């Protein structure tokens, strides 16, 4: 008996016993139905054992807090409604599964992150799958929960508020090892906002009617792959982050920027498509040591606008197609955009390839003296057809040393590299329905 008492007093054993008291073994897990009602889900959770499954019947259910490992599922016409206050479902226990139902009616208190689903610290390894999260301030918020899986959800936030008062579709802070995949996010402020959260995957989501589709702040070593942004203000705003993989994403008809890279470094951007941005396909601001290759920048006012301080980037084998201005840079430094004697494709480059090696016979410079004059002095546009401007064109063509600082592609490609980026049918249809 004394030995048993000493064992119980051991901190490790005491912890295991406490866990057993609060979360008993799930060998006898049950599945039961939960009828509609203001308190029915809350009471069902209070009487459930860890590992139980609660199946919501169609109808209206009140908001609840999940404080033990449970599966809560139901059809789309089973509603969990916060009634305009707080969050519809708050998860603060590990291994919770939420599947299928509709979550709605959150409050609009931004500091409290009023959400359809609010995952708090301790809610590790949650799975939220196939839900309909509509008419909330925030859709799904992950705040300190680790290894969350947010998969195949429809999220439509409130758009009746001023843009700065709206919440994000998926809001992530301090989460590692989480996956956000195959979600459809429409309306609200940002589609997926991620802050100080490292080592996560954002894959194959669709974003519409937003400020930023994906908004990164201080989030390192994340993968952003195969997402689609359609007609948002900005497609992918990647800010103050490092070691990102930005691959195979699509931006269609976004307003200001398809890709915006701000103070971000040591990252790879490849095989992305940006098409039809009214301002800039890509904006690179004080970002260095990135590798940008095999992307397609097409039909934008500016293909890439980059600023001083964006040093030591490796840019090669991209396609710049039918942009009004292929590259904008008004500094004096010259940048070589090629790697291992392979540059980029420029649709406005009238070059020859006499030896048939796929590389143009002369270097390409996308910017001219006239570009720099117009960027620095916009009223100079009135003189574009004047003899002075024509003289500058002829002089720069005869004497390349007169070229301003900017991009030099010493090995421009004769044809776009690789296969064209394919646009999924659902995205093409969505663009067509908005036109």
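The values are calculated or read from the model by the stated rules, or taken from the named source; none is laboratory data. Quick caveat: nothing in here was measured; it's all calculated off a predicted structure. As a convention, Cβ positions derive from the backbone with ideal geometry for all residues, glycine included, and neighbour counts pool all protein chains shown.
Worth pointing out:
- The set of residues in the stretch 180-204 being in a strand (DSSP E or B) and closer than 17 Å to residue 243 by Cα consists of 194, 195, 201, 202, 203.
- Residue match in the stretch 329-338 (condition: within 19 Å of residue 258 (Cα to Cα) and either free of Cβ contacts under 8 Å to residues at least 60 places away in the same chain or not in a strand (DSSP E or B) (or both)): yes
- Every residue from the stretch 329-361 that is crowded, with 19+ Cβ neighbours inside 10 Å, at pLDDT 90 or above and within 31 Å of the chain's Cα centre (by Cα): 337, 338, 343, 344, 345, 346
- Any hit, the stretch 341-357, residues being outside any loop (DSSP other than H, G, I, E, B) and free of Cβ contacts under 8 Å to residues at least 60 places away in the same chain: no
- Selection of the stretch 311-327 for residues being crowded, with 17+ Cβ neighbours inside 10 Å and under 23 Å from residue 240 (Cβ atoms) yields 313, 315.
- Filter result for the condition that a residue is in a loop (DSSP other than H, G, I, E, B), at pLDDT below 95, farther than 29 Å from residue 265 by Cβ and over 16 Å from the mean Cα position of the chain (by Cα), over 160, 125: 160
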